[in-house]
Amino acid sequence: QVQLVESGGGLVQAGGSLRLSCAASGRTISGYAMGWFRQAPGKEREFVAAINWGGGTTYYADSVKGRFTISRDNAKNTMYLQMNSLKPEDTAVYFCAARYWAVRTTPVDYDSWGQGTQVTVSS
């Protein structure tokens, strides 16, 4: 398994932007699909975005499409989530995850997880 650590969360006003990072260690992420998920209080963990091992294919939840951008830099063993036009409903703990090879959009399919970073969007 690969070890993951998220950073970049914080408090931002509605309409603002944040950039999350997910730093990997233990092994190279080059062969891994990676994803971002989020969990709000009292809700289940939900899919946000995913990216294939090479970075050429991306997937987004409808709720973030056009506002969030997922990317990765395999040379730096790091994945990113650029979040623009943030809304109060984006408030959640954001987790990055990795799985070998094929991209999936359900949490149960990922076997490596970070500890999460809190994103709070005020209205």
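The values are calculated or read from the model by the stated rules, or taken from the named source; none is laboratory data. Keep in mind that this is a model prediction, so the values were computed, not measured. So basically every Cβ, Gly included, is an ideal-geometry build from the backbone, and we count neighbours across all protein chains shown. Side chains included, ligands, DNA and RNA excluded: accessible areas come from the protein's heavy atoms. Shrake-Rupley method; radii C 1.70, N 1.55, O 1.52, S 1.80 Å.
Details
- Summary value for the chain: 37 percent relative contact order, contacts being C-alpha pairs under 8 angstrom separated by 6+ residues.
- Annotation: aspartates and glutamates with alpha-carbon distance below 18 angstrom to Lys87 (same-chain offsets under eight excluded): Glu46, Asp62.
- Gap separating the Cα centres of segment 78-110 and segment 22-61, nearest whole Å: 4 Å
- The packing ranking, built from the mean of other Cβ atoms within 10 Å per residue, places the peptides 97-110, 26-39 in the order 26-39, 97-110, highest first.
- Angstrom value of the Kirkwood radius, inverse mean 1/r, which spans all Cα pairs in segment 36-95: 12.2 Å
- Just the protein heavy atoms count here, and of the accessible area of segment 1-65 at 1.4 Å, carbon and sulfur take up 47 percent.
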